[in-house]
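Student: Structure below; questions to follow.
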Amino acid sequence: MINFNADTNAQRAANGDLLTDLHTEWTAAAGPVLTEGGRARLGRALAEVHHGGPVKRSEAAPILCDVLTDLFHSADGHLSPTGLLSAACAELRATAPMTGDPLDLGEDGRPGRTASALASVLDYADLCGFRLENLAVLAHTKWSDEVEAERFAHIRATRRR
């Protein structure tokens, strides 16, 4: 279950883990190749799980930004947001939208599955008419600010001891 009140990076990462697991399950059920628009439908479904209900295109940008941010937190320590975005964009550029784990990233393949989930969210964002670069920058900035705030709080607490 998505934690709608996630206020720590670990909670955001857990949300991203859940979204990655759902995406992996859904792509396995979809078969080896997605139909036209199939990847975007998966991205929309992830946004709806994250939001807790239907997502209107006119209100999707901040929700999609949060989904991307949670996926960045999920991959933290395995792959940087820039690396994750690069892998997702490579998957989007693939000739046929394959399902499963086309990207062999990380020892257990999890970063590749997270990049695949991110590619679906980006495909839905593109369908909604959002500039992917802007959405990615917003999500990266949000992730970076959250990571830095937690690091700063930890250092401040350590110095007070």
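The values are calculated or read from the model by the stated rules, or taken from the named source; none is laboratory data. Not measured: the values here are computed from a predicted model. Glycine gets a Cβ as well: all are built from the backbone with ideal geometry, and neighbour counts include every protein chain shown. With ligands, DNA and RNA removed, areas are computed over all heavy atoms of the protein, side chains included. Shrake-Rupley method; radii C 1.70, N 1.55, O 1.52, S 1.80 Å.
Student: Within the stretch 11-34, which residues are touching a residue at least 40 places away in the same chain (Cβ under 8 Å), more than 12 Å from the chain's Cα centre (by Cα) and open to solvent by 30 Å² or more (accessible area, probe 1.4 Å)?
Tutor: Scanning the stretch 11-34 gives Thr24, Ala28, Ala30, Pro32, Val33.
Student: Here is a follow-up. Mind listing whichever residues of the stretch 26-61 are in a helix (DSSP H, G or I) and under 19 Å from Ala13 (Cα atoms)? I'd like the intermediate steps shown before the answer.
Tutor: First pass over the stretch 26-61, keeping only residues in a helix (DSSP H, G or I): 26-30, 38-51, 57-61.
Across the stretch 26-61, the qualifying residues are Gly43, Ala45, Leu46, Ala47, Glu48, Val49, His50, His51.
Student: Could you grab me the full set of residues in the stretch 67-88 that are surrounded by fewer than 24 Cβ atoms within 10 Å (Cβ to Cβ) and free of Cβ contacts under 8 Å to residues at least 40 places away in the same chain?
Tutor: Gly77, His78, Leu79, Ser80, Gly83, Ser86, Ala87
Student: I've got another one for you. So which residues in the stretch 118-161 are open to solvent by 90 Å² or more (accessible area, probe 1.4 Å), modelled with pLDDT under 95, assigned to a helix (DSSP H, G or I) and out of contact with any helix residue (DSSP H, G or I) (no Cβ under 8 Å at 6 or more places or on another chain), if there are any at all?
Tutor: Those that are open to solvent by 90 Å² or more (accessible area, probe 1.4 Å), modelled with pLDDT under 95, assigned to a helix (DSSP H, G or I) and out of contact with any helix residue (DSSP H, G or I) (no Cβ under 8 Å at 6 or more places or on another chain): Glu133, Arg151, Phe152, His154, Arg156, Arg159, Arg160.
Student: While we're looking at this one, here's another question. Please determine whether any residue of the stretch 1-18 is within 25 Å of Arg151 (Cα to Cα) and β-branched (Val, Ile, Thr).
Tutor: There is at least one residue in the stretch 1-18 that is within 25 Å of Arg151 (Cα to Cα) and β-branched (Val, Ile, Thr).
Student: Still on this structure: Scanning for something part of a helix (DSSP H, G or I), open to solvent by 40 Å² or more (accessible area, probe 1.4 Å), at pLDDT below 90 and over 23 Å from Gly53 (Cα atoms), does the stretch 94-106 turn up at least one residue?
Tutor: no
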